[in-house]
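Q: Sharing a structure, written as structure tokens. Questions coming.
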Amino acid sequence: TTSISTDQQTYYLGSAQSLSLSASIQAGADAGTPVDIYVAVQIDSGIPLLFLGPALQWGTAAVPVVQRFTLADVSAPNFYTAPLVAGLPTGSYQFLIVVVRADLDPTRSANWIAAGATTAAIESIPAAGSTLSFDPPASLSGTVGAVFQFDFSPYAAGGHSPYHFQKDTGGGFPP
């Protein structure tokens with residue numbers, strides 16, 4: 001199995017944030033197999049895919065980031081980090097990692113040993129003075145003696161996400 005992840009779900013252009021990618025591979029029964037590892041990104045489900053090359057630069061050529069690697073368990077935290085510079089398109093970025101038998105076509109899923117994906121949003125910073133609004137449901141129900149869980153995030157808008165909710169000293173807001 002393989003996975004790829006970002007360090008945040010939402011990024012803002014012009015905010016001095018950097019995007020970091022991490023990956024892991026569990027070789028399992030394929031340990032010792034020579035493989036090529038591809039990392040790609042697709043923006044808003046568009047074409048072309050951009051591939052991360054061995055010099056950690058993005059391009060349109062399907063070039064593996066690692067070539068003829070003897071498959072083993074790998075953990076690669078923050079293997080790629082880049083600042084969010086002006087000019088990047090906003091939208092939904094789907095990052096993919098594909099482990100392919102060495103020297104075979106990565107576009108044919110029959111050649112894949114494992115694949116993983118994650119999605120992150122890159123957005124413009126909301127205009128100064130963007131009003132934060134919070135409109136939770138008027139009533140919630142729970143069961144005495146049972147753990148109560150509720151996600152307030154979908155009821156917040158504006159401002160700068162991600163949102164963090166905290167019970168104040170006056171009480172009244174569920175933790």
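Q: For segment 62-83, give me each residue that is open to solvent by 60 Å² or more (accessible area, probe 1.4 Å) and not in a strand (DSSP E or B).
A: Asp73
Q: Looking at segment 1-32, which of its residues are assigned to a loop (DSSP other than H, G, I, E, B) and open to solvent by 40 Å² or more (accessible area, probe 1.4 Å)?
A: The answer is Thr1, Asp7, Gln8, Gln9, Gly14, Ser15, Ala16, Gln17, Gln26, Ala31, Gly32.
Q: What number of residues within segment 34-59 are touching a residue at least 12 places away in the same chain (Cβ under 8 Å) and either open to solvent by less than 40 Å² (accessible area, probe 1.4 Å) or part of a strand (DSSP E or B) (or both)?
A: Looking only at that region, the number is 14.
Q: Within segment 101-120, is even one residue closer than 19 Å to Ile43 by Cβ, of a type outside the set (Val, Ile, Thr) and open to solvent by 90 Å² or more (accessible area, probe 1.4 Å)?
A: So far as segment 101-120 goes, no, none of its residues is closer than 19 Å to Ile43 by Cβ, of a type outside the set (Val, Ile, Thr) and open to solvent by 90 Å² or more (accessible area, probe 1.4 Å).
Q: Count, please, the residues in segment 84-117 that happen to be closer than 16 Å to Phe51 by Cβ and part of a strand (DSSP E or B).
A: 12
Q: OK, next. Can you spot a residue in segment 73-88 that is under 18 Å from Val35 (Cα atoms) and among the aliphatic types (A, V, I, L, M)?
A: yes
Q: Do we find a residue being within 16 Å of the chain's Cα centre (by Cα), more than 30 Å from Gly53 (Cα to Cα) and modelled with pLDDT under 95 anywhere in segment 162-174?
A: Yes, there is a match, as at least one residue in segment 162-174 is within 16 Å of the chain's Cα centre (by Cα), more than 30 Å from Gly53 (Cα to Cα) and modelled with pLDDT under 95.
Q: Mind checking which pairs have a first residue in segment 70-90 that is in contact (Cβ under 8 Å) with a residue 40 or more places away in the chain and a second that is among the charged types (D, E, K, R) and surrounded by 11 or more Cβ atoms within 10 Å (Cβ to Cβ), Cβ under 6 Å, 6 or more apart or different chains?
A: Sorted first by the residue in segment 70-90, then by its partner, the pairs are Leu71/Asp30; Thr90/Glu123.
The values are calculated or read from the model by the stated rules, or taken from the named source; none is laboratory data. Everything numeric here is computed off the predicted structure, so don't read it as measured data. When we count neighbours, we look across all protein chains shown, and the Cβ atoms used for this are built from the backbone with ideal geometry, even at glycine. Protein only, heavy atoms only, side chains kept; ligands, DNA and RNA dropped before computing areas. Shrake-Rupley method; radii C 1.70, N 1.55, O 1.52, S 1.80 Å.
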